Amino acid sequence: MTPEMLSLSNSPGLFVGLMLLKLIVVFSVVMLMVAYATWCERKIIGHMQTRLGPMRTGWHGLLQPIADGIKLFFKEDIIPSQASVVPFLLAPMMILVPAIITVAVIPFGPDVTVSGLIVPLQITDLNVGVLYILAFAGLGVYGIVLAGWSSNSKYSLLGGVRASAQMISYELAAGLTIVSVFMLSETLSLREIVALQSEPLWGTFSFLPNWYVFTQPLAFFLFVITGLAEINRTPFDMPEAESELVSGFCTEYSSMKYALFFLAEYANMIVVSAIAATLFLGGWYGPLPSSLGVINLLGKIVAFMFFFIWLRATLPRVRYDQLMRMGWKVLLPLALANVVVTGFVVVLLQ
């Protein structure tokens, strides 16, 4: 720990103030991105399908997310008479909150100096940051199952059960792809993983940065696919497929509780994009100078989200049996094989 950091830790008031400031800024930016991700998706898919998307509320529909929020806030809030009220109310928050607090360990840029103190652009740097992400990613399953069960509806219960089976199945493969990354980096700290990727690649490819997408291309591919299934995005949006289950686990929800499910979906999109950029694409490092690290990371997150939206406009929904077969018989064996090969390479290079 540097003398500057020691002085910061010895000033509780300053430490708490900086922490609160970082929390407010990060939460505000994430929620703003979540709100306007809905507008971006509608506009991008609209132009891909030769239509305009939202145009009436504000210039080119820029005020549409605000109008939708106001509308949903004042819509009638219906709770089924046979529902378990407390779990019914808690379920949407149990999906949204884990997605937001996962952002706490994502490094957004290099350290900055404020009044002689070195301040990291990260809410907190845990030495087990990867495990923190995996732990909170698994909590979203409980919210979905609770939403389906507490509604006391057969359609909602089926949607919750199918969602839990899907998310648990793909979490295994996603976790194994991340294992291959920290086998190379030998650390679970996301900040240290980004620092290692700032070094040049070895051998004849020394002109490239040591991004793990070059040394772990299969893991990167598997993480993107499993991430799509984990956040219930097309073509893996079976838990809320209208044609299959009358909107699945959120069938009985209305008003702002219904909106929270979709806010959670877009928040999860941002989180998966940020994790993929951090683990495989150097995080805030490159291609622009390090002083623009925040812009680097935001650019990579936006690129991933555009890719997810592009897939929704392009691919049809898969059948549930195809979804589970691919998870257990294709992606999981590939992830295991990648971990084994990575282990052999790490041992040989030592």
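Worth a mention:
- Of all residues making up the range 245-281, the number that are under 21 Å from L157 (Cβ atoms), part of a helix (DSSP H, G or I) and of a type in the set (A, V, I, L, M): 3
- Considering only residues in the range 218-236 that are within 11 Å of R312 (Cβ to Cβ) and hydrophobic (A, V, I, L, M, F, W, C), the one that is modelled with the highest pLDDT turns out to be L228.
- A Cβ distance below 8 Å, combined with a sequence gap of six or more or placement on separate chains, defines the contacts here; from the range 34-51, residues that are aromatic (F, W, Y) reach residues that are modelled with pLDDT under 95 in the pairs Y36/P65; W39/P54; W39/G61; W39/L62; W39/Q64; W39/P65.
- Scanning the range 98-137 for residues that are within 18 Å of F280 (Cβ to Cβ), of a type in the set (G, A, S) and under 13 Å from the mean Cα position of the chain (by Cα) gives a single hit, A137.
- Failed item, numbered, when K71 is tested on (1) without any contact (Cβ under 8 Å) to a residue 24 or more places away in the chain; (2) touching a Phe, Trp or Tyr at 6+ places or on another chain (Cβ under 7 Å): (2)
- Which listed residue, of W328, W284, W310, is buried (at least 20 other Cβ atoms within 10 Å of the Cβ) and either assigned to a loop (DSSP other than H, G, I, E, B) or not aliphatic (A, V, I, L, M) (or both): W284
The values are calculated or read from the model by the stated rules, or taken from the named source; none is laboratory data. On a predicted model such as this, the values are computed, not experimentally measured, just so you know. Note that we place each Cβ from the backbone using ideal geometry, even for glycine, and neighbour counts take in every protein chain shown.
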